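Just so it is clear, none of the values below were taken in a lab; they were calculated from the coordinates. Everything numeric here is computed off the predicted structure, so don't read it as measured data. So basically every Cβ, Gly included, is an ideal-geometry build from the backbone, and we count neighbours across all protein chains shown.
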Ligand SMILES: *Cc1c(COP(=O)(O)O)cnc(C)c1O
């Protein structure tokens, strides 16, 4: 409340000092030279792609196992999302399948750190560097996640964040950010996000841009919450470890920890046989759960024009039958985790 009041008192609602300070703090977290506050996570993706020159006739390789905005951002620019199937154990883009999907039109690779688990960025960056492609990380679910000690958003050419309230770093409304090491890319993103104006040249327009910015009230809230991010993520990991221990030996397949990957468990997604019946059972026992995601993006109506069919991406299609996300948030108590697992084990008995 003090942070909000100070913004109100300052009357600097747009591009104020809170936004600048939050940009500096996010750049520090990601070890990047720049972070650019934008309106939403979706905007972050569109602006990063646009600033890299992705447009009509171009292809961008991405995962079908993500929130719709990832592919939507690509399609929005007239480019083609090229879906590459996922790894069964991580739900992330499978680097072994990327080479086969590269064509002369491929401009970029857009991995998503899904559910808070970083994608295999060593393998992805190596392919991108040898093939001359850009890499945009969709880190919307992965604030504070790390791959080999380096934070998500600082691993590719650009990182995109969403501060939608339910994300593991969430504001009190919409917000987004792009992180990058590339000063020229930073300048282009800032220009596009401000109607194509260059700094210091007010009402002179150099390109067709848009209006997308993080507002100061959100930045003030997010700065307060950022101070707690590591502790909250650690609590999420502790909850994940407890779930894994309690579900060991059951029919439920839980995400396995790996020393190179610091998962932040934005969502705690497991595989479970007879998933739909389990959802009903949990609901009947007042345990919250959700299915992320019920339909892989390559089979969505809105993307039918891409020409994908059932059977094209079998790993993602199997996941859509089996996944269920269990309660996960830092304030969840151990007793609530025990209770959730009891209800699940009872279902299979
Ligand atoms: C939430 C999300 C987005 C979009 O973010 P918004 O702020 O809602 O626009 C993009 N990608 C992924 C993976 C997300 O989870």
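Here are the numbers:
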read-out: Per-region count, the stretch 58-88, residues assigned to a strand (DSSP E or B), within 16 Å of the ligand (Cβ to nearest atom) and under 13 Å from residue 303 (Cα atoms); value: 2
read-out: Failed condition for residue 122, given (1) within 16 Å of the ligand (Cβ to nearest atom); (2) part of a helix (DSSP H, G or I); (3) surrounded by fewer than 24 Cβ atoms within 10 Å (Cβ to Cβ); value: (1)
read-out: Given (1) in contact with a helix residue (DSSP H, G or I) (Cβ under 8 Å, 6 or more places away or on another chain); (2) surrounded by 15 or more Cβ atoms within 10 Å (Cβ to Cβ); (3) touching a residue at least 40 places away in the same chain (Cβ under 8 Å), number of the condition residue 79 does not satisfy; value: (3)
read-out: Some residue of the stretch 31-50 being within 19 Å of residue 305 (Cβ to Cβ), in contact with a strand residue (DSSP E or B) (Cβ under 8 Å, 6 or more places away or on another chain) and within 16 Å of the ligand (Cβ to nearest atom); value: yes
read-out: Residue list for the stretch 198-220, filter: over 26 Å from the mean Cα position of the chain (by Cα) and under 17 Å from residue 53 (Cα atoms); value: 206, 207, 208
read-out: Residue selected from the stretch 6-57 under the condition assigned to a helix (DSSP H, G or I) and out of contact with any helix residue (DSSP H, G or I) (no Cβ under 9 Å at 6 or more places or on another chain), by the criterion surrounded by the most Cβ atoms within 10 Å (Cβ to Cβ); value: 30
read-out: Condition check for residue 111: surrounded by 21 or more Cβ atoms within 10 Å (Cβ to Cβ) and within 29 Å of residue 309 (Cβ to Cβ); value: yes
read-out: Near pairs, Cβ below 8 angstrom, 6+ apart or cross-chain, from the stretch 136-152 (touching a residue at least 24 places away in the same chain (Cβ under 8 Å) and at positive phi) to any residue that is assigned to a loop (DSSP other than H, G, I, E, B) and away from the ligand (no atom under 11 Å from the Cβ); value: 144/152; 144/169; 144/264; 148/260
read-out: Hits in the stretch 325-349 - residues which are in a loop (DSSP other than H, G, I, E, B) and under 13 Å from residue 289 (Cα atoms); value: 327, 328, 329
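To keep it simple, each residue is scored yes or no on (1) more than 16 Å from the ligand (Cβ to nearest atom); (2) at positive phi; (3) more than 24 Å from the chain's Cα centre (by Cα); (4) outside any loop (DSSP other than H, G, I, E, B).
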{"position": "241", "(1), (2), (3), (4)": "yes, no, no, yes"}
{"position": "246", "(1), (2), (3), (4)": "yes, no, yes, yes"}
{"position": "249", "(1), (2), (3), (4)": "yes, yes, yes, no"}
{"position": "266", "(1), (2), (3), (4)": "no, no, no, no"}
{"position": "278", "(1), (2), (3), (4)": "yes, no, yes, yes"}
{"position": "283", "(1), (2), (3), (4)": "yes, no, yes, yes"}
{"position": "287", "(1), (2), (3), (4)": "yes, no, yes, no"}
{"position": "294", "(1), (2), (3), (4)": "no, no, no, no"}
{"position": "309", "(1), (2), (3), (4)": "yes, no, yes, no"}
